Amino acid sequence: MTHPAIIANEGPPFSGLDDALGADVHDTRNPSDVLRAVIQFANSEVTPHWWTRAREAQAGLWLVTNDDGETEAVDHDVARAVAEHQIEMERAFAAEVLDRAVEGAGPLVRRLRAARQAGLRIRVRMEPSIQFTSGGGLRLRWNLTGPTGDSRGWALFAGALLAEQANNDKTELGRCRLESCRRFFLVERRGVGAPQTKYCCEEHRLEAHSLGAADRQRRSRAARKDRARQPRRAR
Ligand SMILES: [Zn+2]
């Protein structure tokens, strides 16, 4: 994968998760926040903050790092094209990792192993932060820092979390089967009965079923017409 990096010459230093993915998660985080952020990113619900910031920095020079690691100054249109291409590639990467997770722990672990063999590393650090509560208890949270300006390490970390928490090859991730949606979502395993793993919400389950029923009706009508059109063979 070619992976050009674009650098804006303005703005505060990059901070990690919110920067690489655009999720509204700051300061103290838990690993499950990373999972939610990667899902939002793969679903195109958020835009990386590095890109938002770069766009806001109207004036000034745009610097792009090419595949050979050399930095060159380019104009706005070129910078935009490079950045949008980069985000598109990263979304595709995150979606591909999450697709393996939807298939099951086996395919997911094979994907993560292949990523490691290709030299991709997670590079996320977790630092504990202890809070003593007024009730005499204690709360443990994690300060997570990780890749900035490149979300792939975060996507791999989300994949590792899903693989580690998998139960009998089933991960906690689903992807909506409604063709117009295709969102990734976390499976809710609360309450009695089998959890909903095929659709992101009840509305989409109903929509898909009514579309399916209409489709089946159309096909059977077409089949009846075909049969009627066929010439009868005399015996
Ligand atoms: Zn859906």
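The values are calculated or read from the model by the stated rules, or taken from the named source; none is laboratory data. All of these numbers come straight from a predicted model, not from anything done at the bench. Cβ sites come from the backbone with ideal geometry, for glycine too, and all protein chains shown count toward neighbours.
Listing for the model above:
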{"item": "A95 being within 16 Å of the ligand (Cβ to nearest atom) and within 21 Å of S32 (Cβ to Cβ)", "result": "yes"}
{"item": "Residue that is surrounded by the fewest Cβ atoms within 10 Å (Cβ to Cβ) [pool: residues in region 192-202 that are more than 8 Å from the ligand (Cβ to nearest atom) and under 21 Å from R36 (Cβ atoms)]", "result": "E202"}
{"item": "Output for region 102-145, where each listed residue is among the hydroxyl-bearing types (S, T, Y) and surrounded by fewer than 12 Cβ atoms within 10 Å (Cβ to Cβ)", "result": "T133, S134"}
{"item": "Residues (buried (at least 18 other Cβ atoms within 10 Å of the Cβ), closer than 21 Å to L35 by Cβ and among the aliphatic types (A, V, I, L, M)) located in region 162-191", "result": "L162, A163, A166, L173"}
{"item": "Residue within region 88-95 that is under 20 Å from S151 (Cα atoms), among the charged types (D, E, K, R) and in contact with a Leu (Cβ under 6 Å, 6 or more places away or on another chain) present", "result": "no"}
{"item": "Breaking point among (1) at pLDDT below 95; (2) under 30 Å from T197 (Cβ atoms), for V97", "result": "(1)"}
{"item": "The lone exception for G174 - which of (1) within 14 Å of the ligand (Cβ to nearest atom); (2) in a loop (DSSP other than H, G, I, E, B) it fails", "result": "(2)"}
{"item": "Any hit, region 105-122, residues being in contact with a Pro (Cβ under 8 Å, 6 or more places away or on another chain), aliphatic (A, V, I, L, M) and touching a residue at least 60 places away in the same chain (Cβ under 8 Å)", "result": "no"}
{"item": "Unmet criterion (only one of (1) in the same structural domain as W51 (by TED's automatic domain parsing); (2) buried (at least 17 other Cβ atoms within 10 Å of the Cβ); (3) within 16 Å of R36 (Cα to Cα)) for D150", "result": "(3)"}
